[in-house]
Ligand SMILES: [Fe+2]
Ligand SMILES: [Fe+2]
C-alpha cells in the first residue's frame with residue numbers, strides 16, 4: 001500500500017486523538033432541520049458542562065475580540081455562527097492535546113487566529129470569526145502528524161534541525177504529503193465548510209485557494225507575521241518567505257500597517273497565558 005493511502009487510512013481511525021464527541025453528529029442532524037434555532041442548539045450543547053465552559057472560554061478570549069461578554073452558547077451561536085461553534089467543538093479535544101504536547105504551536109495558532117480576525121474585519125470579509133477559526137486550526141495537520149505518526153514526526157524534526165529545510169518540505173519527503181493537506185482532509189472528514197477547509201489546505205500556497213484566495217492569503221500572512229513577531233513557535237527554524245500573491249490580495253500601507261500592529265499587540269498581550277484549562 002502506498003504511503004499516502006496508509007496515512008489517509010490511519011487518519012480515519014485516529015487512535016491517540018480523541019474521536020469526535022457524539023454531540024457533533026447530533027448537532028449536524030439538528031442543523032438540517034429548518035425549525036432549529038440558536039436557542040435549541042445551545043440547549044443541546046449546554047447539557048455538556050465541560051464542553052460548554054471550554055466553548056465560552058474560547059469565544060470570550062481576545063482572539064475573537066468581542067467587546068461584550070458572551071454568556072450562553074446560544075448567544076455565541078448567534079454572534080459567531082454555527083460553523084465557528086461546530087469547529088470549536090470538533091477540535092476542542094485536539095486543543096487539549098496541543099496545549100499539553102506543543103505549547104509553542106498552541107501560541108502560534110492563537111496569535112494567527114487573532115491576527116487573521118483583525119485583517120478579515122478590515123477587508124470586510126463576511127464572518128471574520130470564521131476566518132479566525134480557520135486560522136486557529138490551520139496547523140492542525142502538524143498536531144496530527146506528531147500524535148499519530150510519532151516515528152515520522154521524529155524524522156521530520158530531525159531533518160528540520162539538521163538540514164535546515166522547512167517543516168513542510170521535510171513532511172513532503174518523509175510522508176509524501178504536507179500538514180496543510182492533512183488539515184484539509186481532516187476538515188473534510190469533519191464536514192467543515194469549504195470556506196474553512198480550503199484555506200487550511202492551502203495556507204502555504206494561498207494562490208491555489210480559488211474563490212477562497214482572500215481567506216487563504218489572510219491566514220498565510222498571519223502565519224508569517226506571527227512568526228516574525230516571535231509569538232509562539234510555528235515549527236521552523238526560519239520565518240518562511242511571504243507569498244507575493246497573498247500580499248497582493250491583502251496588502252496594507254504604512255499607516256494602516258501601524259494601526260494593525262497596534263491592534264495586534266493589544267490582542268496578543270491579552271492572549272498571553274490563555275489556556276482552555278482551568
Ligand atoms: Fe502551516
Ligand atoms: Fe502556521
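Computed from the coordinates by the stated procedures, all read-outs in this text should not be read as laboratory data. In this text, all values refer to a predicted model and were calculated from it rather than measured experimentally. Methodologically, a virtual Cβ is constructed for each residue, glycine included, from the backbone with ideal geometry; neighbour enumeration extends over all protein chains shown.
Please work out the ratio of the alpha-carbon Rg of segment 216-278 to 2.2 N^0.38 Å and round it to two decimals.
Numbers: Rg = 13.2 Å, N = 63, 2.2 N^0.38 = 10.6 Å.
Rounded to two decimals, the normalised Rg is 1.25.
Could you order the peptides 105-118, 235-248, 50-63 from most to least packed, using the average number of other C-beta atoms within 10 Å per residue? Walk me through the numbers on the way to the answer.
Values: 105-118: 26.6, 235-248: 14.8, 50-63: 18.5.
My ranking of the peptides, most packed first, is 105-118, 50-63, 235-248.
Once you have all Cα-Cα distances for segment 82-177, histogram them in 5 Å bins from zero and send the whole-percent values.
Values per bin, smallest distances first: 3, 14, 19, 19, 17, 14, 9, 5, 1.
Just subtract the alpha-carbon distance of residue 46 and residue 242 from 0.36 nm times their residue separation and send over the number in nm, one decimal. Write out the running numbers ahead of the final one.
Details: separation 196, 0.36 × 196 = 70.56 nm, distance 4.17 nm.
So the chain would gain 66.4 nm between residue 46 and residue 242.
Using just the helices of the chain, give the 222 nm mean residue ellipticity in deg cm²/dmol: DSSP H runs with n ≥ 4 each add -39,500 (n - 2.57), and the total is spread over all residues, rounded to 500. Working shown, then result.
Values: 16 runs with 190 residues, N = 278.
So the helix-based figure for the chain works out to -21000 deg cm²/dmol.
Using alpha-carbon positions, what is the distance between the centroids of segment 208-278 and segment 84-123, in Å?
Spelled out, the Cα-based centre of one part sits 12 Å from the other.
Fully extended, how many nm does the chain gain between residue 124 and residue 194 (0.36 nm per residue separation, minus their Cα-Cα distance)? Could you put the intermediate results ahead of the total?
On the way: separation 70, 0.36 × 70 = 25.20 nm, distance 1.89 nm.
Going from the current span to full extension adds 23.3 nm.
Please state, to two decimals, what the Cα-based radius of gyration of segment 1-141 comes to when divided by 2.2 N^0.38 Å (N = residues).
Details: Rg = 16.0 Å, N = 141, 2.2 N^0.38 = 14.4 Å.
This ratio for segment 1-141 stands at 1.11.
Expressed as a fraction of 2.2 N^0.38 Å, the rule-of-thumb size for a compact globular protein of N residues, what is the C-alpha radius of gyration of the chain? Numbers along the way, then the final one.
Values: Rg = 18.1 Å, N = 278, 2.2 N^0.38 = 18.7 Å.
Dividing the Cα radius of gyration by 2.2 N^0.38 Å gives 0.97.
Going by average Cβ density within 10 Å per residue, which order do the peptides 184-192, 261-269, 137-145 take, highest to lowest? Walk me through the intermediate numbers first.
Values: 184-192: 19.2, 261-269: 15.4, 137-145: 26.0.
Per-residue mean Cβ counts within 10 Å order the peptides as 137-145, 184-192, 261-269.
If packing is taken as the mean number of other Cβ atoms within 10 Å per residue, what is the order of 202-208, 252-258, highest first? Could you put the intermediate results ahead of the total?
On the way: 202-208: 21.3, 252-258: 10.1.
Packing proxy ranking, top to bottom: 202-208, 252-258.
Hey, quick one: spin label on residue 24, modelled 7 Å out along Cα-Cβ, who in segment 44-81 has an amide N within reach, i.e. under 15 Å?
51
Taking only the alpha-carbon atoms of segment 109-148, what semi-axes of the equivalent ellipsoid follow from 5 times the gyration tensor eigenvalues under a square root, in whole Å, largest first?
Values for segment 109-148, descending: 24, 8, 5 Å.
By how many nm would the segment from residue 274 to residue 258 grow when fully extended, if each residue of separation counts as 0.36 nm and the alpha-carbon distance is taken off? Walk me through the numbers before you get to the answer.
Details: separation 16, 0.36 × 16 = 5.76 nm, distance 2.50 nm.
Residue separation times 0.36 nm, minus the Cα-Cα distance, leaves 3.3 nm.
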